[in-house]
Amino acid sequence: MLLTITNTARPATDLGFLLHKHPERVQEFRQSSGTATVFYPEAGEERCTAALLLEIDPVALARARGKGSPDFSLSQYVNDRPYAASSLLAVALGEVFRTARAGRCAARPELPGRALPLELTLPALPCRGGPDLARRLFEPLGWEVEARVLPLDEGFPEWGESRYVRLALRGTVRVADALNHLYVLLPVLDDGKHYWIAPDEVDKLIRAGEGWLRGHPERGLITRRYLGRRWSLARTALTRLAELGDETEEHLEPALAEDAPPEATAADEAAAAEAEAAASEAAEAPEAAEARNEAAGAGEAGEPGAVGGEKAGAPEVKGGSLSVRRREAVLGKLTELGAASVIDLGCGQGELVGALLSRPAFARVAGMDVSPLALTIAARRLRLDRMPEAKRARLTLFQGALTYTDKRLSGYDAAVLMEVIEHVDPPRLAALERVVFGHARPRHVVVTTPNVEYNVRYEFLTGLRHPDHRFEWTRAEFAAWARRVAAEHGYAVAFEPVGDDDPEVGPPTQMGVFTRDQRS
């Protein structure tokens, strides 16, 4: 099976820097299914083409057959895998061009960010859905798509068309993006994978789909096919995509008649249960995930929420999704305050904790959450087991509740309550205030919460932004609460908007920054 990548921007041989493969060399890479070879059929100033050729070892392929392939199945010996691009080629592409997919080039660091006029060709590609599906998947990503159906046999045209297409993509795209598009969409078009699909496939999909999958009109189909129609894994992936923005999972997963789940047998469920267990837990419905955090909340909740069967259509947020802008606003404020030690109260699955750890200025970072499951997911996402020792020494994760005094909460320059207080029942807010401001008493406390006045800007939203929100405050209500708490506990408080500050209804998120009086 063959993939060619052509660059026509002068000097075209810059493609070699981006792919980290020298145009004058032929390089081979051993794969579990055979051998991948990278070579350049042409390499000039005007035009440069890199080719990835994957030669399949049929014996190795038969030995590595999937769990669903019985010993007597003829398909393990007679199949299209040596000839048609599939998940085998996607895996080879992912490994051979790993650094290129990450968008890194130490020799020419300015190159990865540049969009180039590229042409990608795949001579034979299984495509369940035909040329129309290929166009639906690639055109929204900026590609001009040429998909020609291949005949079953050119010598016998009366036999009709095959399920294979010759695919050519042309567009001005970053090389890293082009490779990631193929890495995800090749197995989606084939609608099959040659290997066992484990929960870590969700991580691979989220990484490869960064920047484009969340906004793709066919994200539901892509997610389900990429994950082999493993419904609990697909639900986990769609939930995590929702976390990247401010949509609900339901908004990201439109119903697709052609992709309706097949009947699952008891044997299928039993075979998948163990591998899916962790993902099933991580894919809790948002209201269940938040309800378990009755005392402390779970960090950044997806908003707006789907309430009463209505899907909330959020207005476009300039400069990135609201959740990202909120996190960046908190990080910027902590940096401005000069905090060297920070505790994220209600850290959820560790998004803010990870961002804090990436900045050496934060010498000590802690995350506390009421949910052991959330902390387990946070540890996995942070790759705690593989974290460098120096970074690991800066981090503490622990389980606790914000309504009970705990000496582990003390001793930090700053504490963060990011999208937490609105998940606490109003009668229990006094306990949270006492624990955070009266007992832990950090030098600074940063609090963010939704501005309910902004909800009118969310089309179709009725009620609150999330099913587990106990309340949402106006700007005046938040200011009154914050000033009372500050006065009672010896703090001063200042207010800042997060997100675009609408002249009529204010920002989507409001932030209060508390600073303790040094005399108290």
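Quick notes on this structure:
- With every protein chain in place, the range 391-520: carbon and sulfur % of accessible area (1.4 Å): 51 percent
- C-alpha center-to-center spacing [the range 202-237, the range 109-125] in angstrom: 22 Å
- Dimensionless Rg ratio for the range 323-368, taking C-alpha atoms and the 2.2 N^0.38 Å reference: 1.02
- In the context of the full set of protein chains, the range 428-520 has a per residue accessible area of 43 Å² (1.4 Å probe).
- Fraction in percent of alpha-carbon pairs per bin - 10 Å, the range 399-520: 13, 44, 31, 11, 1
- Segment D200-L152, extension gain: residue separation times 0.36 nm, minus the distance between their alpha carbons: 13.6 nm
- By definition, a body whose alpha carbon gyration tensor gives a ≥ b ≥ c is rounded when a/c is under 1.5, and the range 310-441 falls into this rounded group.
- Take the Kirkwood radius over Cα pairs of the range 447-511, plug it into Stokes-Einstein at 4 °C and 1.567 mPa s, and you get 103 µm²/s for translational diffusion.
- Most tightly packed first, judged by the mean number of other beta-carbon atoms within 10 Å of their residues, the peptides 422-429, 465-472 read 465-472, 422-429.
- When T474, T448 are compared by accessible area of protein heavy atoms, the largest-first order is T474, T448, using a 1.4 Å probe.
The values are calculated or read from the model by the stated rules, or taken from the named source; none is laboratory data. Worth saying up front: this structure is predicted, and the values here are computed from it rather than measured. Here Cβ is always computed from backbone atoms with ideal geometry, including for glycine, and neighbour counts include all displayed protein chains. Ligands, DNA and RNA are stripped out before the accessible areas are found, and what is left, the full protein with its side chains, is counted by its heavy atoms. Shrake-Rupley method; radii C 1.70, N 1.55, O 1.52, S 1.80 Å.
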